[in-house]
Amino acid sequence: MSAQDLFKLSGKVALVVGGGQGLGEASARYLADAGCAVAVVDREPARAQAVAEALAARGVKTTAIVADILQVSEIERVVAETEAALGGLDVVVSIVGASKFGGVLELSEAEWDNDHARNLRYFFFLCQAAARSFVRRGVPGVIVGIATAGVNGSMPFRSAYGAAKAGLVHLVRTLAVELGEWGVRINAVAPGLTVTPRTQARVANEAAQAQIRNIPRGRAGTPDDIAKAVLFLASDMADHITGATVPVDGGSTVAPNYDLGPSRAASKRNRLAMGKDPLE
Ligand SMILES: NC(=O)c1ccc[n+]([C@@H]2O[C@H](COP(=O)([O-])OP(=O)(O)OC[C@H]3O[C@@H](n4cnc5c(N)ncnc54)[C@H](O)[C@@H]3O)[C@@H](O)[C@H]2O)c1
């Protein structure tokens, strides 16, 4: 099979939770481009509807489902409605997640619980519902979750979020092992700073701009950057990849936390002083 064919998901059904904007909208679009029918799930009816309509206008078989995915009973309904509307379920992508800023001295019990509910707790039950659907129908399904590049270091002033996302990474490893015998794969994408409708205002501030200057790729991520990795992991190109968390962060995870500008300039100056071409 050609590499292009391995990316094709024609005849597959994808469920994108949080598909109404940002990383979810981009993931829905990429999966549809690869040939999937797509169920767009969002708690905001207008967002789910708008994305589904945009896909339908391009000839994609799609349905909009309004649900608050944090409610476990809603998860079962979402899976059942997707199967009924689109004739199956092969790929589940979940984007839902968010963080509450707050240091260890001030974070409340409710805030801790909320970050775990919206990043980790629901994700387990979504994986469970998806896995039951795959196993019941004998489908070698795929699940893709969203972590954060922060799990590779620390997440100061976002401790509840960081712990929940680290939990998601561990859950992905464990479920990959449990579900391997059923042919089900599960992976996660770990975005670095990514410009979405939600983060747009925040990335304009000086602290974020300093962070962006330190990203080896020289820019913040876009929803399409994340969607490309989601599509790769959902496709047969990633047939032998399971239990993995793939950083899509422009290299920020491996970059040092200080400004490399002076070292780069000094290195170039030294080469020139030695009478050498700095690029040789
Ligand atoms: N943007 C970044 O810089 C960045 C970095 C690392 C990780 N992430 C992760 O990416 C994901 C968020 O991406 P985004 O900025 O596109 O998100 P977003 O907040 O814009 O949410 C995407 C969609 O999810 C929907 N949604 C939220 N809660 C829901 C619920 N309970 N049920 C159903 N739908 C719900 C929203 O209405 C929205 O349309 C999160 O998991 C976040 O932790 C983002």
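None of the figures in this text is laboratory data; all of them are computed from the coordinates on show. Bear in mind the structure is a predicted one, so any value in this text is a computation, not a measurement. Glycine gets a Cβ as well: all are built from the backbone with ideal geometry, and neighbour counts include every protein chain shown.
For ARG202 paired with GLN4, estimate the spin-label separation in nm (one decimal), with each label point 7 Å from Cα along the Cα-to-Cβ line.
Roughly 4.0 nm, to one decimal.
Which cross-chain or sequence-distant (5 or more) residues have an amide H under 5 Å from the amide H of ILE186, H modelled 1.01 Å from N in plane?
Close amide H contacts, sequence-distant or interchain: ILE143, GLY243.
For a quick check: with amide H placed at 1.01 Å from N, whose amide H comes under 5 Å from THR62's, ignoring anything fewer than 5 positions away on the same chain?
Under 5 Å from the amide H of THR62 lie the amide H atoms of VAL38, each far enough along the sequence or on another chain.
Need one number: the % of Cα-Cα pairs in region 150-253 sitting beyond the 25 Å mark.
The share of Cα pairs beyond 25 Å in region 150-253 comes to 26 percent.
Return the FRET efficiency for the residue pair LEU260, ARG121: r is the Cβ-Cβ distance, R0 is 30 Å, and the value is rounded to the nearest 0.05.
On the way: r = 39 Å, r/R0 = 1.31.
For R0 = 30 Å, the calculated efficiency reads 0.15.
Given N residues in the chain, what is its alpha carbon radius of gyration divided by 2.2 N^0.38 Å?
1.09
Restricting to Cα pairs below 8 Å that are 6+ residues apart, what does the relative contact order work out to for region 88-203? Please round to a whole percent.
Result for region 88-203 is 33 percent.
Report the residue, chosen from ALA34, ALA201, ALA98, that carries the largest GNM mean-square fluctuation when the chain is represented by alpha-carbon nodes joined by springs under 10 Å.
Residue with maximal mean-square fluctuation among ALA34, ALA201, ALA98: ALA201.
Taking the Cα centre of the chain as origin, sum charge times position over the Cβ atoms of Lys and Arg (+1) and Asp and Glu (-1), and report the length of that vector in debye to the nearest 20.
Working: 29 positive and 28 negative charges, 152 e Å.
Here the size comes out at about 740 debye.
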